[in-house]
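Asker: Pasting a structure here, questions to come.
The values are calculated or read from the model by the stated rules, or taken from the named source; none is laboratory data. Quantities reported herein were computed from a predicted structural model and do not represent experimental measurements. Backbone-built Cβ (ideal geometry, glycine too); neighbour counts: all protein chains shown.
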Amino acid sequence: MLAGSHRARPPFLRLPIREPVPTCKNKQCAGPPTRSPPTGAPAPPHPPLVTPLDSAEHAVPSLPSRAAGTISLPQLSLHSPVGDLTLTEEEGAIVALDWGWVEAQETTPLLTEARTQLQSYFDGERLTFSLPLAPAGTAYQRRVWQALCEIPPGTTRTYADIARSAGGSPRAVGGANGRNPIPIVIPCHRVVATTGIGGYSGGDGLPTKRFLLALEQAGLPPADTAGDLFARA
């Protein structure tokens, strides 16, 4: 999403709470291979939900800074093992996480907390997030994103699995994945194809997807790591 844009905020999306519980820029997560969609009626939509808030060294040309003279949104960047990331806040909720660094930084309490949670995630100190999210999307896309938030860390689900819970076809799920504006926090990297790891266009692509999955697997208790993370990847 372009910095400095302003639009009506959609209803909050709730992350499922486990610990505190546990994000994709446009087309961060590529869809599954083309295959015949399964039949069946779509699942009913989930009601709007929200989770409570828990307790510039280089500029990237592809991520523009907030334009002067326009309504601006607070943004805060951080370095990470998968590249520089920038968080965007609007009306008390996280609305985007993009790859890249912006020059104009603003440290609101929410953006500071979100950055801290991401740093702890990459340090292997937490597997889940507890943040108010308001990703802009259609009712179906938000239903898919909610289903992604319910995938346990360190595990994967296929596009067909998500289609069974959110409705639609595996291909439609892939399209919604590709429009997820908050990668990593809304974990589209945990969705794989039936015959392989699938695609991912965030960061360095598939190496980034494998890194995120391996990072989560390494942080699980021994009893939870018996299964093969890439059994369906």
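Asker: Looking only at the range 124-150, count how many residues are in a loop (DSSP other than H, G, I, E, B) and within 14 Å of the chain's Cα centre (by Cα).
Answerer: Residues meeting the conditions: 11.
Asker: Quick one: count up the residues across the range 151-205 that are in a loop (DSSP other than H, G, I, E, B) and surrounded by fewer than 19 Cβ atoms within 10 Å (Cβ to Cβ).
Answerer: Here the count works out to 7.
Asker: If you don't mind, another one. Which condition does Gly92 not pass, out of (1) modelled with pLDDT of 95 or more; (2) on the phi < 0 side of the Ramachandran plot, if it passes all the others?
Answerer: (2)
Asker: Here's a follow-up. Which one is surrounded by the most Cβ atoms within 10 Å (Cβ to Cβ), of the residues in the range 73-95 that are assigned to a strand (DSSP E or B) and charged (D, E, K, R)?
Answerer: So, considering only residues that are assigned to a strand (DSSP E or B) and charged (D, E, K, R), the one surrounded by the most Cβ atoms within 10 Å (Cβ to Cβ) is Glu89.
Asker: Here is a further query. Limited to the range 124-157, what total is found for residues that are touching a Pro at 6+ places or on another chain (Cβ under 7 Å), farther than 25 Å from Pro222 by Cβ and aliphatic (A, V, I, L, M)?
Answerer: 4
Asker: With the structure loaded, tell me whether Asp98 is buried (at least 22 other Cβ atoms within 10 Å of the Cβ), modelled with pLDDT of 95 or more, within 22 Å of Ala214 (Cα to Cα) and of a type in the set (D, E, K, R) or whether it fails that test.
Answerer: yes
Asker: All but one of (1) assigned to a loop (DSSP other than H, G, I, E, B); (2) under 15 Å from the mean Cα position of the chain (by Cα) hold for Tyr121; state the number of the condition that does not hold.
Answerer: With (1) assigned to a loop (DSSP other than H, G, I, E, B); (2) under 15 Å from the mean Cα position of the chain (by Cα) applied to Tyr121, the lone miss is (1).
Asker: Got a number for residues in the range 142-152 being out of contact with any Gly (no Cβ under 8 Å at 6 or more places or on another chain) and closer than 21 Å to Lys209 by Cβ?
Answerer: The qualifying residues number 7.
Asker: Still on this structure, I have one more. Mind counting the residues in the range 63-86 that are at pLDDT below 95 and among the charged types (D, E, K, R)?
Answerer: Of the residues in the range 63-86, 1 are at pLDDT below 95 and among the charged types (D, E, K, R).
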